[in-house]
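These notes concern the structure reproduced below.
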Amino acid sequence: METAPFRLEDFTRVQWAPGARNVWEPRVRQVSQSYQDIEIDLVGAGFKAGALLVVPPERMAEVSRRASTHGLVALVLAQQGRSDLSYAATSQPYVEGGPFNYRVAVCKPAVTSLWISAWTESDDEEIGVLLGYPECCRRFFKNTWVAKGQVDTTWEQALSTATDPDADVITVSPDPACNVTLRHLGLRWVSHLPCSFKCEATRAYVADASQLIRTNYYEQYRTLSEALQWPVKWTALHGIAEIVTPVCRIISRTDATYTKRTIIQNGPLYPDEGARGNEFPFRTQTKKVKFLSKDTWTLNGFGSYEAMTQAHNLVVAAAKDCRGRSILDLGCGTGELLRIYKGIASELNGVEINTEAVIKAQKIANVRCMNIFDPRVFDRKFDVAFISVQRFMEAPNRQQFLERLKSHTKATVFYSYGEMDGWKAIGRTPDLLIGPNSAERVDW
């Protein structure tokens, strides 16, 4: 696609949706303010080879102290003009006597000379190696940012998975680990620019590093887990990008083109505070299904239809693609979770001990009235099983029941509504967290 021969100055503007700002601006700010501490901790724990930070002078001592607790050094490489942006594609030149920030490499003492050499020579490849960035992403950066002189790789990232390289509209379903579209808010799992929305090396890194973030920065982990799975619409024209999310609209600089480019980023999660509308990425106002009586959600252990829907949406997001799969819902209640997969899954099977709930569920799926720990439940193999962590804890012999799950399902989706303690019983920590609810898919 032809680019225009001009470039705007770096800028970011954020407009919040009514009712969303009070909830999400503090959560976003918390992630952004924790970014440098998280990066240092990841280097100290060995998840990253190094970190490259922009540090204001008044915080330099704190960064040095935190690095030293991990046996690391905070190496000042240069000074640059101060910017208050959470993300800037290009640095401001340093003006003598003016406000400034330091460019700082956090690394092991043994590699400080390598950092100085790479920085002095502007060796992007060596800097990428010192930061531990994946080789495929370093090559992507070289081919886009360096060779093409681009300042925004979002379009190129989407092109890597596009079937038509000449299309001006691309639809993607990004892996959250590779989703850096919201980096202008400071929301991203990684500090590098992934080569695609499905980069395997990036996904592998985040799978490991996110464990530390979840343990030491729980609230930040929750925010990242949710926001990076929202639907987002990215459009660009004449050097201006508009990034529309359920809770805000971001206006920022991008590479200038004469024709409009659009990326439709599908996402399974939608915040309660998100704006409502008929156009992507918005959703219409959730309405109660009129044919559902109150006992439908009470029999499933929920206080309202909305609470049941929100909890089930999280489980569906964790389960990922179940098209053409045989499903077994252990403790299916009235079958409302199974109803979601009607016409999608190849088989809908459930087990429930409450006879009143079973009568309702049998109108939706093949449901048997029996204890989920009865060995006869697994009379054959299933593709995907659903079970709450709390129900799993009730198993007379947890290890034996876990072995049944492993031998009779290809994947099991564990979920919890309202508490986290039960995850210890299965030795897992959930990938998805929204409010008090959590879920994770385990492929055996």
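The values are calculated or read from the model by the stated rules, or taken from the named source; none is laboratory data. Since the model is a prediction, treat every value here as computed from it, not as a measurement. Here the Cβ positions follow ideal geometry from the backbone for every residue, glycine too, while neighbour counts run over all protein chains shown.
Within segment 349-361, restricting attention to residues that are closer than 16 Å to Val377 by Cβ and of a type in the set (S, T, N, Q), the residue that is modelled with the highest pLDDT is Asn349.
Taking the criterion of being among the hydroxyl-bearing types (Ser, Thr, Tyr) and either under 33 Å from the mean Cα position of the chain (by Cα) or part of a loop (DSSP other than H, G, I, E, B) (or both), the residues of segment 116-133 that qualify are Ser122, Tyr133. On inspection, Trp423 passes the criterion of being farther than 22 Å from Val377 by Cβ and either surrounded by 14 or more Cβ atoms within 10 Å (Cβ to Cβ) or at pLDDT below 90 (or both).
Residue count for segment 385-399 under the criterion of being assigned to a loop (DSSP other than H, G, I, E, B) and either buried (at least 16 other Cβ atoms within 10 Å of the Cβ) or among the β-branched types (Val, Ile, Thr) (or both): the result is 1.
Results for (1) outside the structural domain of Pro231 (by TED's automatic domain parsing); (2) within 27 Å of Leu269 (Cβ to Cβ); (3) assigned to a loop (DSSP other than H, G, I, E, B), shown as yes or no for each residue.
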{"site": "Leu114", "(1), (2), (3)": "no, no, no"}
{"site": "Cys136", "(1), (2), (3)": "no, no, no"}
{"site": "Gln150", "(1), (2), (3)": "no, no, yes"}
{"site": "Trp155", "(1), (2), (3)": "no, yes, no"}
{"site": "Ala158", "(1), (2), (3)": "no, yes, no"}
{"site": "Thr163", "(1), (2), (3)": "no, yes, yes"}
{"site": "Asp166", "(1), (2), (3)": "no, no, yes"}
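If I go through segment 47-71 residue by residue, how many of them are closer than 18 Å to Leu212 by Cα and surrounded by 20 or more Cβ atoms within 10 Å (Cβ to Cβ)? The number of residues fulfilling the criteria is 4.
Here is a yes/no grid of residues against (1) in a loop (DSSP other than H, G, I, E, B); (2) closer than 30 Å to Glu125 by Cβ; (3) outside the structural domain of Val358 (by TED's automatic domain parsing); (4) among the hydroxyl-bearing types (Ser, Thr, Tyr):
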position	(1), (2), (3), (4)
Pro194	yes, yes, yes, no
Lys198	yes, yes, yes, no
Asp208	no, yes, yes, no
Leu212	no, yes, yes, no
Thr215	no, no, yes, yes
Ala241	no, yes, yes, no
Glu279	yes, no, yes, no
Glu306	no, no, no, no
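Tallying residues that are at pLDDT below 90 and either surrounded by fewer than 19 Cβ atoms within 10 Å (Cβ to Cβ) or hydroxyl-bearing (Ser, Thr, Tyr) (or both) within segment 263-272 yields 4. Within the option set Arg82, Arg27, Arg59, Arg7, being touching a residue at least 60 places away in the same chain (Cβ under 8 Å) and either within 21 Å of Val106 (Cβ to Cβ) or assigned by TED's automatic domain parsing to the domain that holds Glu126 (or both) holds for one residue only, Arg27.
If you scan segment 168-191, which residues turn out to be part of a loop (DSSP other than H, G, I, E, B) and polar (S, T, N, Q)? Within segment 168-191, Ser173, Asn179, Thr181, Ser191 qualify. Of the strands (runs of 3 or more DSSP E) entirely within segment 1-107, those holding at least 1 residues that are closer than 26 Å to Asp272 by Cβ occupy 12-16. Taking the criterion of being part of a strand (DSSP E or B) and either outside the structural domain of Gln400 (by TED's automatic domain parsing) or buried (at least 19 other Cβ atoms within 10 Å of the Cβ) (or both), the residues of segment 351-367 that qualify are Val351, Glu352, Val367. The number of residues in segment 400-422 that are in a strand (DSSP E or B) and either over 20 Å from Val316 (Cα atoms) or in contact with a helix residue (DSSP H, G or I) (Cβ under 6 Å, 6 or more places away or on another chain) (or both) comes to 6. Across segment 224-239, the number of residues qualifying as modelled with pLDDT of 90 or more, surrounded by fewer than 23 Cβ atoms within 10 Å (Cβ to Cβ) and in a helix (DSSP H, G or I) comes to 0. Scan segment 317-326 for residues that are surrounded by fewer than 17 Cβ atoms within 10 Å (Cβ to Cβ) and either in contact (Cβ under 8 Å) with a residue 12 or more places away in the chain or not assigned by TED's automatic domain parsing to the domain that holds Leu433 (or both) and the total you get is 3.
Which residues, taken from segment 173-184, are surrounded by 19 or more Cβ atoms within 10 Å (Cβ to Cβ) and either over 21 Å from Ile264 (Cα atoms) or under 14 Å from the mean Cα position of the chain (by Cα) (or both)?
Selection gives Pro174, Asp175, Pro176, Ala177, Cys178, Asn179, Val180, Thr181, Leu182, Arg183.
Does segment 125-142 contain any residue that is of a type in the set (Gly, Ala, Ser) and more than 20 Å from Ile38 (Cβ to Cβ)? No, segment 125-142 has no match at all.
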